[in-house]
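The structure under discussion appears below in the form of structure tokens.
The values are calculated or read from the model by the stated rules, or taken from the named source; none is laboratory data. Everything numeric here is computed off the predicted structure, so don't read it as measured data. Virtual Cβ from ideal backbone geometry, glycine too; neighbours counted across all protein chains shown. What goes into the accessible areas is simple: the full protein's heavy atoms, side chains included, and nothing from ligands, DNA or RNA. Shrake-Rupley method; radii C 1.70, N 1.55, O 1.52, S 1.80 Å.
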Amino acid sequence: MVRSRANINNMQSVQIHNGFFIVLARGEELMATLRQFCEAQEVHWGQFQAIGAVEDVEIGYYDLPTRQYVFHREAGPLEVASMDGNISELDERPLIHAHAVLSRCDETLSCVGGHIRSARVALTLEICLWQVTQPLLRGFDEETGLNLLRI
Amino acid sequence: MVRSRANINNMQSVQIHNGFFIVLARGEELMATLRQFCEAQEVHWGQFQAIGAVEDVEIGYYDLPTRQYVFHREAGPLEVASMDGNISELDERPLIHAHAVLSRCDETLSCVGGHIRSARVALTLEICLWQVTQPLLRGFDEETGLNLLRI
Amino acid sequence: MVRSRANINNMQSVQIHNGFFIVLARGEELMATLRQFCEAQEVHWGQFQAIGAVEDVEIGYYDLPTRQYVFHREAGPLEVASMDGNISELDERPLIHAHAVLSRCDETLSCVGGHIRSARVALTLEICLWQVTQPLLRGFDEETGLNLLRI
């Protein structure tokens with residue numbers, strides 16, 4: 001996923017007493033930009049919620065029988081009706097785990113939901129991120145095939 | 001949007017260490033009541049989440065090509081399956097930006113999602129509001145036609 | 001709802017500066033496990049959000065005309081695209097009030113939303129819980145037939 005340097009610089013953020021308020025700009029890729037922000041600001045563990053609009057989304061679910069994620073691509077744009085996620089560490093790097101409900105910009109306002117692999121900001125994405133004061137670490141879980149939290 | 005004085009007074013709130021817990025009563029209009037609360041309590045910047053039920057909702061999306069919001073009216077009642085929003089300032093007045101996923105009270109439990117313009121509380125609406133300690137200000141953005149956050 | 005002792009013990013939690021981060025394990029029932037956690041940790045009042053996946057869900061809405069909840073059963077598994085809730089006290093016991101948007105693990109990614117009566121964790125459920133520093137108490141409301149917050 002290639003993003004221009006200009007787009008990275010368009011992001012705004014401000015530190016609040018227990019975290020950050022972050023505004024992503026049109027064209028920025030959510031997951032890569034947020035991961036880069038966490039690395040730069042040394043945010044290892046956190047919880048966030050976001051609203052805004054996205055396009056070119058990969059959204060899906062984990063299929064336990066086949067032990068793999070199944071993703072669908074939605075061209076959008078779609079409203080981010082809800083997005084919740086957390087930030088943890090896997091192999092000493094920040095891992096963004098985000099779920100969302102995205103609503104179609106048409107007369108149905110119908111929704112798709114699930115696990116977000118990637119999403120490009122369509123208009124803006126307004127994120128409130130709270131830092132977690134204790135380690136949230138992940139490790140591989142044999143039973144599910146997922147990198148689950150080991151806290 | 002006219003609300004009776006009685007309905008305004010039915011709202012309950014309690015200050016918690018970093019914000020407020022607010023309970024809106026049946027019949028109150030969400031956006032006007034919350035804006036009035038923020039003005040009275042001098043809450044300039046914040047983040048909130050809410051659950052409950054609403055009716056007479058205007059919900060929609062921003063259409064970039066025409067640079068205007070498109071709203072649909074849902075009579076409801078609908079469950080507020082998810083509602084996230086933030087409070088910022090535009091021209092020194094509080095602006096409530098709220099997105100929601102609303103589920104139909106029938107056998108489908110199907111959902112509509114998007115940007116909330118107005119919504120009347122159907123049973124109750126339980127809001128947890130965290131104050132943000134740094135200014136969240138909005139300004140007009142030429143590219144999108146929206147009042148985006150300038151933090 | 002009977003859960004094995006083993007499942008209760010599979011839950012993980014860590015105290016953070018204003019609450020807890022909790023990870024429920026595959027097979028645990030959300031509502032009973034979270035209520036038991038709150039009793040053990042003396043969490044009387046709080047707000048939480050969660051992502052993960054669930055199955056064997058009872059989800060529905062409150063029907064005001066008949067003054068009763070109507071629940072549908074979803075076998076799942078479903079992704080927890082969004083879950084928000086609060087913890088309050090009714091008759092001095094913790095009451096979990098949780099709403100969620102659940103998305104189907106198929107090509108539609110379609111969503112059902114509403115009030116959660118019960119849900120079994122399918123893979124994992126990652127919960128961020130903030131403690132509320134003032135009493136959130138419930139009492140019976142004649143008009144709606146619900147146990148509403150009296151704060």
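For the reader, a short list of remarks on this structure follows.
- Check on B:Ser88, in a strand (DSSP E or B), hydroxyl-bearing (Ser, Thr, Tyr) and more than 11 Å from chain A (Cβ to nearest Cβ): no
- For segment B:23-81, a residue qualifies if it is in a strand (DSSP E or B), within 24 Å of C:Gly85 (Cβ to Cβ) and either free of Cβ contacts under 8 Å to residues at least 60 places away in the same chain or among the small types (Gly, Ala, Ser) (or both), and the qualifying residues are B:Ala25, B:Gly46, B:Ala50, B:Gly52, B:Ala53, B:Glu74, B:Leu78, B:Glu79, B:Val80, B:Ala81.
- Checked against (1) in contact with a Cys (Cβ under 8 Å, 6 or more places away or on another chain); (2) more than 7 Å from every other protein chain (Cβ to nearest Cβ), C:Gly113 passes all but a single condition, namely (2).
- Residues that are at the interface with chain B (Cβ under 7 Å from one of its Cβ atoms) and open to solvent by 60 Å² or more (accessible area, probe 1.4 Å), drawn from segment C:133-142: C:Thr133, C:Gln134
- Selection count, segment C:21-56, where residues are away from chain A (no Cβ under 13 Å) and over 20 Å from C:Asn10 (Cα atoms): 3
- Checked against the criteria, B:Ala98 counts as in a strand (DSSP E or B), within 9 Å of chain A (Cβ to nearest Cβ) and open to solvent by less than 50 Å² (accessible area, probe 1.4 Å).
Yes/no matrix, rows are residues, columns are (1) at pLDDT 95 or above; (2) not aromatic (Phe, Trp, Tyr):
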{"residue": "B:Ser4", "(1), (2)": "no, yes"}
{"residue": "B:Val14", "(1), (2)": "yes, yes"}
{"residue": "B:Asn18", "(1), (2)": "no, yes"}
{"residue": "B:Ile22", "(1), (2)": "yes, yes"}
{"residue": "B:Phe37", "(1), (2)": "yes, no"}
{"residue": "B:Val43", "(1), (2)": "yes, yes"}
{"residue": "B:Phe48", "(1), (2)": "yes, no"}
